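Worksheet for the structure shown next.
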Amino acid sequence: MEDKEISQAVIGRLPRYFRYLGELKDEGVERISSQDLSRLMQVTASQIRQDFNNFGGFGQQGYGYNVEYLYQEIGKILGLDIQHNFIIIGAGNLGRALGNYFNFERRGFIFKGMFDRDPRLLGMDVRGVRVRPMEEMEGFIREHQIDIAVLTIPKTSAVGVAEMLVKNGIRAIWNFAHVDLNVPEGIQVENVHLSDSLMKLSYNINRYMKEQEKRKEDCQR
């Protein structure tokens, strides 16, 4: 497959394909058509074929997709065939919840360390990982070949910590701090603003309620 620019919209759908295919594989499904996958995922069959054609297609007409093969190939595209060591910075409720999530390892993300400035949290055990002081973080990153850092700290600290991470060779940051990070080119950042998702949900609730009200009014005329 030749290199070409893939849209972020397509990339954003890949993890969902991967998740559904994993569930099909666990259920013992060996082959699936784009039409059946479409009904399952509520994505048009045409969209599915277009997305997969960006990477070579994976299937053949009248034969469908081999679930195991497609699952493995999408995993490779997502880089899940490579182990990524990560640390969590911030041992509060969110940080500990992420640290206790077992499925990271199934996807090749290995939880190696957790750091915090609060002396009350130091030494706490999170799924076999001890919370360490921030002063140990730089040496730990180099020693354990950490390439991903997860930020679950206040936004007032996030920029300075991100700069420190970049200086010490971190390649990607999963940022839950409520601030967008500006980092050098080549450092990948995924900003996750939980309140933004909640506001989007609120918008969709309100839109649905207004549509229902309008239909009710139309029926009463």
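The values are calculated or read from the model by the stated rules, or taken from the named source; none is laboratory data. Treat the numbers as computed from the prediction; the structure is a model and nothing was measured. FYI the Cβ positions are ideal-geometry reconstructions off the backbone, even for glycines, and counts take in every protein chain you see.
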Residue within the stretch 97-107 that is under 21 Å from the mean Cα position of the chain (by Cα), at pLDDT 90 or above and in a loop (DSSP other than H, G, I, E, B) present: yes
Subset of the stretch 204-221 (residues that are over 23 Å from the mean Cα position of the chain (by Cα) and under 30 Å from residue 175 (Cβ atoms)): 205, 206, 207
Residue list for the stretch 16-49, restricted to those being touching a residue at least 24 places away in the same chain (Cβ under 8 Å), part of a helix (DSSP H, G or I) and exposed (fewer than 13 other Cβ atoms within 10 Å of the Cβ): 16
Residue tally, condition touching a residue at least 60 places away in the same chain (Cβ under 8 Å) and farther than 17 Å from residue 23 by Cα, over the stretch 62-77: 1
Residues within the stretch 201-221 that are assigned to a helix (DSSP H, G or I), surrounded by fewer than 10 Cβ atoms within 10 Å (Cβ to Cβ) and basic (Lys, Arg), tallied: 1
